[in-house]
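The block underneath contains the structure these notes are about, expressed in structure tokens.
The values are calculated or read from the model by the stated rules, or taken from the named source; none is laboratory data. Predicted model, so just to flag it, every value in this text is computed and none were measured. Cβ: placed from backbone, ideal geometry, glycine included. Neighbour counts: every protein chain shown.
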Amino acid sequence: MPTIEVFVEPTVLVWARESIGESIERAAKRLRTTPETVKEFESGEKKPRLAQLEKLANLYKRPLAVFLLSEPPKEPPLPDDFRTLPEGEREPFSPDTRLAIRRARRLQNLAAELARELDREIEPQIGRASLPERYEDLTSSAEDLASKTRKELGVEIQTQFEWKNNRKALNQWRHLIERRGVLLFQMRMPFKETRGFSLTEGELPAIILNLDDSINGRIFSLFHEYAHLMIDHGGICDMKHTNHQRIEVFCNHFAGAFLVPRADLLSYPLVRTKQKKIEWPEEDLQELSLVFKVSKEVILRRFLILGLTTEDFYQDKREEWYEKWEEEKKKEGGRRNMARECLRDKGVPFVSLVLEAYESERITLSDVADYLGTRLQYLSQIEELARASI
């Protein structure tokens, strides 16, 4: 059987590889060839065989048809990188993170298209805020915005206390944010690269949380990224409190102040009787964590901001908790529920748009499976869960 060689515009090959963050060496390994051969493909000196092109399409996560284009398609740049290390010292984003960004943007665009098809109004109701120009004003501004936003969302602190557990809290907070016209997706990404990101471009803003994070971690990330939406500056974040970029300091402070309001923390009986405490016992931090439905780190960080503990104690406990969390994470597992995972990952608003578009014959069953990223055998369960959640 003759070998079929395919001409591919060299700039398209380079774009496909670089846009997913792959190296020439890894591409060569996938093709079982040498880096020099891949370089020859990318310079136009040599044509890849069809079988090789199919492998590259799989590695670069692009449809085969893309490689027949005469020039690279125009795509938006990656969101701004707000990770902790100085810009010159940051590692490039991995293929997994880049793919998560690509998928999130696709879901974001699909949601807007389906909303227009169904004659839905697209009017996100997000409070707007400005980032203070002076670094010393970040704290007071974030505290004020947190108080204002809690009132807008209509959640009393007692309601938060009464939620059964942190999973219930995440679902309730998510529901409230989605009602403001914000898409919320959950995806797996390398935890050491990012805990979440936000997209402000397009008609529907989106928040993406890292499924490899803890539930409490995702609750914090949700409001960190919501602050990014309010100041209309999305980005990729690691939420580290050692990050001194103004925007990250502000968003971190907002999330902590929103979830653990200053007055409610200081008036809580356990805290009111121990306000001179510097080294807080584990059981006290655990109680407050369970009551406020946040991590112990968020509680201790609030104490640090309020002058009720020291930086050394905070950092020591933070390292201790992180080591324990990594050990516990290794033990995770269990039976999967694909219908629930679909709702968890895509969100009720997006899933409902897809189901409604299918029912009104705007899209096909094949589209439904593609958009929801699931098999059709789970569709009836997904429909049932989506209706129960509305």
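Conditions (1) among the hydrophobic types (A, V, I, L, M, F, W, C); (2) more than 35 Å from the chain's Cα centre (by Cα), marked per residue:
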{"position": "31", "(1), (2)": "yes, no"}
{"position": "39", "(1), (2)": "no, no"}
{"position": "49", "(1), (2)": "no, yes"}
{"position": "53", "(1), (2)": "yes, no"}
{"position": "63", "(1), (2)": "no, no"}
{"position": "70", "(1), (2)": "no, no"}
{"position": "75", "(1), (2)": "no, no"}
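On the stretch given as the range 326-356, residues that are basic (Lys, Arg) and at pLDDT 75 or above total 5.
For the range 52-72, taking the residues that are more than 21 Å from residue 94 (Cα to Cα) and free of Cβ contacts under 8 Å to residues at least 40 places away in the same chain, the one that is surrounded by the most Cβ atoms within 10 Å (Cβ to Cβ) is identified as 52. The set of residues in the range 367-378 being part of a helix (DSSP H, G or I), of a type outside the set (Phe, Trp, Tyr) and in contact with a helix residue (DSSP H, G or I) (Cβ under 9 Å, 6 or more places away or on another chain) consists of 367, 368, 369, 372, 376, 377.
Of the residues making up the range 217-273, those that are under 18 Å from residue 195 (Cβ atoms) and charged (D, E, K, R) are 218, 225, 238, 240, 248. Take residue 142 and tell me if it is buried (at least 23 other Cβ atoms within 10 Å of the Cβ) and modelled with pLDDT of 95 or more. Spelling it out, residue 142 is indeed buried (at least 23 other Cβ atoms within 10 Å of the Cβ) and modelled with pLDDT of 95 or more. Screening the range 270-300 for residues that are basic (Lys, Arg) and touching a Ser or Thr at 6+ places or on another chain (Cβ under 9 Å) and picking the one that is nearest to residue 216 (Cα to Cα) gives 296. Inside the range 183-221, can you point out the residues that are assigned to a strand (DSSP E or B) and at pLDDT below 95? Matches in the range 183-221: none. Exactly one residue out of 224, 241, 228, 175 is in a loop (DSSP other than H, G, I, E, B) and either at pLDDT 95 or above or closer than 30 Å to residue 287 by Cβ (or both): that is 241. Among the residues making up the range 1-21, those that are among the charged types (D, E, K, R) and modelled with pLDDT of 95 or more are 9, 17, 18. If you go through the range 29-49 and keep only what is aliphatic (A, V, I, L, M) and modelled with pLDDT of 95 or more, you end up with just 38. Looking across the range 20-63, the residues that are of a type in the set (Gly, Ala, Ser) and assigned to a helix (DSSP H, G or I) come down to 27, 28, 43, 51, 57.
Note on the range 103-158: residues that are over 30 Å from residue 356 (Cα atoms), touching a residue at least 60 places away in the same chain (Cβ under 8 Å) and assigned to a helix (DSSP H, G or I) total 12. Return yes or no: is residue 297 of a type in the set (Asp, Glu) and within 27 Å of the chain's Cα centre (by Cα)? Criteria met by residue 297. The residues on offer are 283, 319, and the sole one that is more than 30 Å from residue 388 (Cβ to Cβ), at pLDDT below 95 and not aliphatic (A, V, I, L, M) is 319.
For the range 5-17, the set of residues classified as loosely packed, with under 15 Cβ neighbours inside 10 Å and either in a helix (DSSP H, G or I) or of a type in the set (Gly, Ala, Ser) (or both) consists of 10, 11, listed by residue number.
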